[in-house]
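In what follows, a single structure is set out as structure tokens and then discussed.
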């Protein structure tokens with residue numbers, strides 16, 4: 001369901017690991033600290049003295065480069081996150097309190113990032129037309145099952161059609177910015193194929209390294225001695241991987257592998273899981289795998305957002321729950 005599913009997924013990812021398996025019945029009251037900004041009305045165009053109008057105070061959740069994020073917007077966003085939970089949170093349960101804190105932070109950060117995306121799109125003269133939003137909304141309604149089901153879904157999720165249009169507009173803006181950010185990413189990278197043997201102690205690793213230097217077969221020793229159960233059946237084969245890619249490798253192992261030429265064997269390389277001996281059997285430039293491309297794209301987008309935040313003036317006015 002396009003971007004509408006993102007809210008549910010992001011909230012679910014947070015509470016699934018932290019939420020108590022059986023949600024208690026007592027709801028948790030949310031009492032964020034409230035700050036206000038005062039907006040004075042413009043001066044009267046006439047010169048005659050008139051009584052000053054009472055300033056209007058708007059409670060704020062945050063301010064991004066001077067752009068206010070009203071507390072009401074934050075409360076609405078948090079409410080949508082909370083409605084994805086399987087039940088109410090218990091204020092006496094530590095894990096539930098942690099879940100609430102995570103959801104509060106996630107809701108506020110989502111609004112801050114939304115403001116940054118909109119500001120960056122405006123800076124780059126990227127705009128989304130109402131026709132584009134309407135086309136996306138038609139797709140959403142069709143996916144849900146029609147107008148009646150869409151209206152029922154709005155009620156169930158506590159949203160309005162305007163909320164959905166705003167989400168779709170943000171998704172389209174983000175997509176346009178994403179294309180610009182990712183346009184400079186490489187499509188190929190240097191890959192190596194390596195094998196390794198993992199031992200529990202440095203002493204054991206040096207004994208195995210001596211055997212290898214005396215002509216012992218690498219894959220045979222890996223099958224009989226390596227502690228890495230995921231690669232041991234294949235003789236320690238780590239497969240092809242790029243530097244900083246999707247492969248789940250220890251940085252020490254990756255760095256050592258890329259320091260070797262084809263056919264070379266490393267010295268003993270310590271890592272958090274033990275002591276490695278690494279042999280590289282292949283090295284070539286090849287197209288990025290689908291997983292590596294997705295990994296690099298996700299990292300590029302995260303770094304892009306981090307850069308926007310680092311350059312922005314962001315004031316957060318929501319106190320963390322105790």
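The values are calculated or read from the model by the stated rules, or taken from the named source; none is laboratory data. Since this is a predicted model, take the numbers as computed values, not measurements. Every residue, glycine as well, gets a Cβ built from its backbone with ideal geometry; the counts of neighbours run over all protein chains shown.
Data table
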| quantity | calculated |
| --- | --- |
| Test set (1) over 25 Å from the mean Cα position of the chain (by Cα); (2) free of Cβ contacts under 8 Å to residues at least 60 places away in the same chain - residue 143 fails condition number | (2) |
| Considering residues of region 54-72 that are over 16 Å from residue 319 (Cα atoms) and at pLDDT 90 or above only, the residue surrounded by the most Cβ atoms within 10 Å (Cβ to Cβ) | 64 |
| Selection status of residue 176, out of contact with any helix residue (DSSP H, G or I) (no Cβ under 6 Å at 6 or more places or on another chain), within 29 Å of residue 301 (Cβ to Cβ) and outside any loop (DSSP other than H, G, I, E, B) | yes |
| Selection status of residue 179, out of contact with any strand residue (DSSP E or B) (no Cβ under 7 Å at 6 or more places or on another chain), surrounded by fewer than 11 Cβ atoms within 10 Å (Cβ to Cβ) and either in contact (Cβ under 8 Å) with a residue 12 or more places away in the chain or not assigned by TED's automatic domain parsing to the domain that holds residue 278 (or both) | yes |
| Looking only at region 218-250, and only at residues there that are part of a helix (DSSP H, G or I) and in contact with a strand residue (DSSP E or B) (Cβ under 8 Å, 6 or more places away or on another chain), the one that is surrounded by the most Cβ atoms within 10 Å (Cβ to Cβ) | 222 |
| Qualifying residue in region 101-110 (condition: at positive phi and either modelled with pLDDT of 90 or more or touching a strand residue (DSSP E or B) at 6+ places or on another chain (Cβ under 9 Å) (or both)) | no |
| Odd one out for residue 285 among (1) surrounded by fewer than 17 Cβ atoms within 10 Å (Cβ to Cβ); (2) touching a strand residue (DSSP E or B) at 6+ places or on another chain (Cβ under 6 Å); (3) assigned to a loop (DSSP other than H, G, I, E, B) | (3) |
